[in-house]
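A.B. asks: Supplied in structure tokens, the structure appears directly below.
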Amino acid sequence: MSKTVKIASIYPTLLGTYGDGGNVAALRHIAALHGITVSVDEVSPGQKVPANADIYVLGGGEDTAQSAAAAALHASGALAEGVKNGAAVLSICAGYQILGHTFLDAEGKPSSGLGLLDVTTDRLEKRAVGELVAHPLSTGPSGISAVLTGYENHGGFTHLGSGVEPFASVTSGIGNGDGTTEGAINGRVIGTYLHGPCLVRNPQVAEQLLSWAVDCKLEHIVEAEVEALRRERLDFVSKSR
Ligand code: GLN
């Protein structure tokens, strides 16, 4: 494919808990498998966020790092512009909460998010920590059918508004907060609580992001090592029930 897909990794030093930087490595790897050339812009706090990326990736973070990232993204405005231009976004945990209307800061005060997903986040009674398994909605817009596996660790309870659909429905774990829905999606913007890293455990999500970027549905490429990892993690959850 002739197009170079521009990937922007947003503030990996603030938003990169639980190996979420691995999502960008996975995107590079899966793009190469499909013969797609990518460029990766690792944007540090204080650097300019590009408005012309094809895929934005935001990971998870501690409460204070999350607030700092949200403030810098507000000031920049470039992520909103990128989304308006049709970019795809994968946002994990803190990144997901930042994309919503509001989330709670480290002191429990509401902070404003970017409003790119119609969700708001308050607090869970008990922190959600552990393996998370969810099924994408069969009629949903994600284009993904494979069961999703990941790891969650968050204190936020995310409530979905009418402008988004759940990304998936929870089979095991907490997800958005009540143990039924996981993440949110609107168009090409995905928010999820799946660490893992998400794209290493769920290559079909990476293939969907790349499909949007190149405007062509990529066929899933099976890799034995990834299948073995998925099987091991999913079996672990079934056995611990
Ligand atoms: N600070 C947020 C919370 O605890 C997000 C945590 C994370 O990104 N893992 O809800």
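The values are calculated or read from the model by the stated rules, or taken from the named source; none is laboratory data. Note that the coordinates shown come from a computational prediction; the quantities given were computed from them, not determined experimentally. Because the Cβ atoms are built from the backbone with ideal geometry, glycine has one as well, and the counts that use them run over all protein chains shown. Ligands, DNA and RNA are excluded from the accessible area calculation, which covers all protein heavy atoms including side chains. Shrake-Rupley method; radii C 1.70, N 1.55, O 1.52, S 1.80 Å.
A.B. asks: Using a 1.4 angstrom probe with every protein chain in place, what is the largest-first accessible-area order of L137, L210?
C.D. replies: Numbers: L137 50, L210 0 Å².
These residues rank, largest area first, as L137, L210.
A.B. asks: Follow-up question, since we're still on this one. Provide the per residue accessible area, probe 1.4 Å, for the range 42-149, rounded to a whole number of square angstrom.
C.D. replies: Values: 4560 Å² over 108 residues.
Spelled out: the 1.4 Å probe surface of the range 42-149, per residue, equals 42 Å².
A.B. asks: Then there is this: Determine the share of the chain's accessible area contributed by carbon and sulfur atoms, expressed in whole percent, with a 1.4 angstrom probe. Let's see the in-between values first.
C.D. replies: Numbers: 5230 of 10060 Å².
Its accessible area is 52 percent carbon and sulfur atoms.
A.B. asks: Now for a separate question. Percent of alpha carbon pairs in the chain separated by more than 30 Å? Walk me through the numbers on the way to the answer.
C.D. replies: Working: 4898 of 28920 pairs.
Percentage above 30 Å: 17.
A.B. asks: Tell me, what is the 1.4 Å probe accessible area of D178, in Å² to the nearest 10?
C.D. replies: 90
A.B. asks: What number, in percent, do you get for the relative contact order of the range 164-241 if the mean sequence gap of Cα pairs under 8 Å and at least 6 apart is divided by its residue count? Don't skip to the end; give the middle numbers.
C.D. replies: Details: 72 pairs, mean separation 14.6, N = 78.
Answer for the range 164-241 is 19 percent.
A.B. asks: How large is the dipole of the chain about the Cα centre if only Lys and Arg carry +1 and Asp and Glu carry -1, each at its Cβ, rounded to the nearest 20 debye?
C.D. replies: Details: 17 positive and 25 negative charges, 33 e Å.
Its charge dipole is roughly 160 debye.
A.B. asks: Using only the alpha-carbon atoms, what does the range 22-130 span along each of its principal axes? Please give whole angstrom values in decreasing order.
C.D. replies: 46, 33, 25
A.B. asks: If I take every Cα pair under 8 Å that is 6 or more residues apart in the range 57-102, average their sequence separation and divide by the length, what percent do I get for the relative contact order?
C.D. replies: Numbers: 32 pairs, mean separation 29.5, N = 46.
Worked out over the range 57-102, it gives 64 percent.
A.B. asks: To continue, here is another question. Where both partners of a DSSP beta bridge lie in the chain, what percent of those bridges are antiparallel, to the nearest 5?
C.D. replies: Values: 27 of 46 bridges.
Rounded to the nearest five, the antiparallel share is 60 percent.
A.B. asks: Give me the percent relative contact order of the chain, please, defined on Cα pairs under 8 angstrom at least 6 residues apart. Write out the running numbers ahead of the final one.
C.D. replies: On the way: 566 pairs, mean separation 46.4, N = 241.
Relative CO of the chain lands at 19 percent.
A.B. asks: Pull up all non-local amide H partners of L132: gap of 5 or more, or a different chain, and H-to-H distance under 5 Å with H placed in the peptide plane.
C.D. replies: Amide H neighbours of L132: G150, Y151, E152.
A.B. asks: Going by Cα centres, the range 142-177 and the range 92-126 are how many Å apart?
C.D. replies: Centre-to-centre (Cα) distance: 15 Å.
A.B. asks: Starting with the highest mean, order 29-41, 144-156 by the number of other Cβ atoms within 10 Å, averaged over the residues of each peptide. Working shown, then result.
C.D. replies: Values: 29-41: 16.4, 144-156: 20.3.
Descending packing order for the listed peptides: 144-156, 29-41.
A.B. asks: Right, here's the next one. Answer rounded, prolate or oblate for the range 76-203, using the Cα gyration tensor with square roots of eigenvalues a ≥ b ≥ c: rounded when a/c is under 1.5, else prolate when a/b is larger than b/c, else oblate.
C.D. replies: On the way: a/c = 1.64, a/b = 1.06, b/c = 1.55.
Judged from the Cα gyration tensor, the range 76-203 comes out oblate (a/c at least 1.5, b/c at or above a/b).
A.B. asks: For V189, what residues show an amide H to amide H distance below 5 Å, using hydrogens built from the backbone and excluding near sequence neighbours?
C.D. replies: V89
A.B. asks: Now for a separate question. Is the shape of the range 133-241 best called rounded, prolate or oblate, per the rule: a/c under 1.5 gives rounded, else a/b larger than b/c gives prolate, else oblate, with a ≥ b ≥ c the square roots of the Cα gyration tensor eigenvalues? Walk me through the numbers on the way to the answer.
C.D. replies: Values: a/c = 1.97, a/b = 1.03, b/c = 1.92.
The shape class here is oblate.
A.B. asks: How would K6, K109, K84 line up by accessible area, probe 1.4 Å, largest first?
C.D. replies: On the way: K6 85, K109 115, K84 170 Å².
In descending accessible area the options line up as K84, K109, K6.
A.B. asks: For a test of the definition: using alpha carbon positions, the gyration tensor, and the 1.5 limit on a/c, classify the range 8-68 as rounded, prolate or oblate. Write down the numbers at each step before the final one.
C.D. replies: Working: a/c = 3.23, a/b = 1.58, b/c = 2.05.
It is oblate, given that a/c is not under 1.5 and a/b is not larger than b/c.
A.B. asks: Highest mean first, what order results for 231-240, 95-104 on Cβ atoms within 10 Å?
C.D. replies: Details: 231-240: 11.8, 95-104: 25.5.
The most tightly packed comes first, giving 95-104, 231-240.
A.B. asks: Here's something else I'd like to know. Going by accessible area, probe 1.4 Å, with all protein chains left in place, what is the ranking of V57, V200, largest first?
C.D. replies: Order by accessible area, largest first: V200, V57.
A.B. asks: Continuing with this model, one more query. Please report Rg (one decimal) and Dmax (integer) in Å for the Cα set of the range 107-156.
C.D. replies: Gyration radius and largest Cα-Cα distance of the range 107-156: 14.2, 39 Å.
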